[in-house]
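Student: Sharing a structure below in structure tokens format, with a few things to ask.
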Amino acid sequence: MAKAAILKPGDLASIASKKQMAEIEKDLARMRKQEDEQKKLQEAFMSREVHPAAPDRLNAAITAAAEQGKNELLIIQFPSTWLSDGGRAINNSESDWPRSLTGFAKRAYDYYTENLQPLGYKVRAQIVNFPGGKPGDVGMFLSW
């Protein structure tokens with residue numbers, strides 16, 4: 001029966017390095033997958049239109065909120081990176097913040113100005129979280 005050779009310190013360093021590289025490759029693959037998913041979400045957001053059933057959906061949502069004693073409703077939430085200025089105008093409460101809207105957020109705001117504002121509704125936007133101290137998601141709120 002042959003004796004097993006004891007591993008040398010250099011062999012152990014190689015084993016550790018291979019294991020570390022495998023973990024790095026796994027992390028990179030996960031990050032690429034997340035980036036791809038985020039890109040698909042952004043593309044869908046940019047091309048999305050206001051649904052024809054928006055009035056019915058909106059009536060149901062605001063009725064439910066009013067029944068709960070609320071006078072405001074979060075109507076859309078999305079990453080501030082999807083704005084033309086990265087969320088700067090909203091974060092600074094600038095009056096022309098709607099100019100920074102893109103994609104579905106712009107179409108939703110246009111729907112508001114055409115259909116809801118004349119009825120007395122108001123809309124506001126704010127940064128709702130700050131991951132790492134930077135503007136995260138934008139929330140657009142409808143109030144009455």
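Student: Taking the range 45-70 only, how many residues are out of contact with any Phe, Trp or Tyr (no Cβ under 6 Å at 6 or more places or on another chain) and either outside any helix (DSSP H, G or I) or closer than 14 Å to A108 by Cβ (or both)?
Tutor: The qualifying residues number 14.
Student: So for the range 73-85 (the condition being within 14 Å of L142 (Cβ to Cβ) and open to solvent by less than 60 Å² (accessible area, probe 1.4 Å)), does at least one residue qualify?
Tutor: yes
Student: Scanning the range 1-55 for residues that are touching a residue at least 40 places away in the same chain (Cβ under 8 Å) and among the small types (G, A, S), which turns out farthest from T113 (Cα to Cα)?
Tutor: S47
The values are calculated or read from the model by the stated rules, or taken from the named source; none is laboratory data. Since the model is a prediction, treat every value here as computed from it, not as a measurement. Note that we place each Cβ from the backbone using ideal geometry, even for glycine, and neighbour counts take in every protein chain shown. When the accessible area is computed, the model is the full protein with side chains, heavy atoms only, and any ligands, DNA or RNA have been set aside. Shrake-Rupley method; radii C 1.70, N 1.55, O 1.52, S 1.80 Å.
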